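Let me begin by presenting the structure, written as C-alpha cells, before commenting on it.
The values are calculated or read from the model by the stated rules, or taken from the named source; none is laboratory data. Since this is a predicted model, take the numbers as computed values, not measurements. In this analysis, Cβ positions are derived from the backbone assuming ideal geometry, glycine residues included, and neighbour counts consider all displayed protein chains.
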Amino acid sequence: EEMKGNRKGMQKLATQGQIISQIHQLAEPMKRPPRDLVPRFFEKFEREESRAAFQEGVDHFAKHLIQRAIVKKQEQEDEDKKAQAETEEAEEAQAQQEVQPVSLVEAMYTMSLEERMGPGGLDPVEVFGTLPESLQNCFKTGDVETLKQVAQSMPPKEFEDHFQRCIDSGLWSKA
C-alpha cells in the first residue's frame with residue numbers, strides 16, 4: 001500500500017500484521033491454536049504499557065515498510081530507466097541496421113555461389129560479366145524499355161543466346 005501512496009492503508013495493514021504476528025508468537029510456546037489466544041491477546045490491551053509496547057512495534061514495522069518502499073521505488077525507477085535506455089539503444093541499432101534497397105546486380109555480389117546459383121545452373125555473376133555493356137546497363141537500371149531497344153539493335157541470334165543465359169542464371173524470369 002505504501003508503494004501506491006496509501007499511507008493509511010499501509011498503517012492499517014501493519015497493525016493487522018503485528019496483531020497476527022504477536023498472537024502467533026504467543027501461541028507457539030503454549031502449543032495452542034492461535035485462534036484460542038485472540039481474546040487473551042486483547043485483554044492485554046487494557047493496560048496502557050501493553051498498548052504502548054504494541055504501538056511501538058507497529059510504528060517500527062511501519063517505519064521499516066516506508067523505508068523499504070522508498071528503496072523499492074528507486075529500484076523500479078532505475079530499472080525503468082535502464083529498460084528505456086535499452087529500448088532506445090535497440091531502436092537506434094535497428095535504425096542503423098535498416099537494409100537499404102539494392103539492385104539484384106549489387107546484391108548478387110554479396111551472396112555465396114550456392115545462394116546465387118540460377119535455375120538453369122548458371123552463376124549470375126559470371127553471366128552478367130560476359131554480357132555486353134548495353135545489356136548490363138539494362139539489368140543495373142531494371143529498365144525494360146531499354147532492354148527492348150537493345151534487343152532490336154543486336155543480331156537476333158546473339159540476343160537470344162545472351163537472354164537464354166540470363167534466364168538460366170536467374171537474372172531474368174520468364175514469368
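Scanning region 80-93 for residues that are closer than 30 Å to ARG116 by Cβ, part of a helix (DSSP H, G or I) and not assigned by TED's automatic domain parsing to the domain that holds ASP143 turns up at least one hit.
Do we have any residue at all in region 125-132 that's assigned to a loop (DSSP other than H, G, I, E, B), at pLDDT 85 or above and over 46 Å from the mean Cα position of the chain (by Cα)?
Yes, there is a match, as at least one residue in region 125-132 is assigned to a loop (DSSP other than H, G, I, E, B), at pLDDT 85 or above and over 46 Å from the mean Cα position of the chain (by Cα).
Under the condition of being polar (S, T, N, Q) and either surrounded by 15 or more Cβ atoms within 10 Å (Cβ to Cβ) or not assigned by TED's automatic domain parsing to the domain that holds VAL71 (or both), the residues counted in region 7-55 number 4. Can you say whether LYS157 is under 31 Å from the mean Cα position of the chain (by Cα), at pLDDT 90 or above and either over 30 Å from MET3 (Cβ atoms) or assigned to a helix (DSSP H, G or I) (or both), as far as the supplied structure shows? For LYS157, the condition - under 31 Å from the mean Cα position of the chain (by Cα), at pLDDT 90 or above and either over 30 Å from MET3 (Cβ atoms) or assigned to a helix (DSSP H, G or I) (or both) - is not met.
Given the structure, is ILE23 touching a residue at least 40 places away in the same chain (Cβ under 8 Å) and among the hydrophobic types (A, V, I, L, M, F, W, C)?
Values: touching a residue at least 40 places away in the same chain (Cβ under 8 Å): no; among the hydrophobic types (A, V, I, L, M, F, W, C): yes.
Criteria not met by ILE23.
Just to check your reading of the model, which residue among THR110, THR146 is of a type outside the set (D, E, K, R) and either part of a helix (DSSP H, G or I) or touching a helix residue (DSSP H, G or I) at 6+ places or on another chain (Cβ under 6 Å) (or both)? Answer to the check: THR146. Looking across region 26-67, the residues that are in contact (Cβ under 8 Å) with a residue 12 or more places away in the chain and among the aliphatic types (A, V, I, L, M) come down to LEU26, LEU37, VAL38, VAL58, ALA62, LEU65, ILE66.
Filtering region 146-175 to residues that are of a type in the set (Gly, Ala, Ser), within 17 Å of ARG116 (Cα to Cα) and surrounded by 10 or more Cβ atoms within 10 Å (Cβ to Cβ) leaves SER169, GLY170. Of the residues examined, ASP143 is one that is of a type in the set (Asp, Glu), surrounded by 13 or more Cβ atoms within 10 Å (Cβ to Cβ) and either more than 19 Å from SER112 (Cα to Cα) or touching a strand residue (DSSP E or B) at 6+ places or on another chain (Cβ under 6 Å) (or both).
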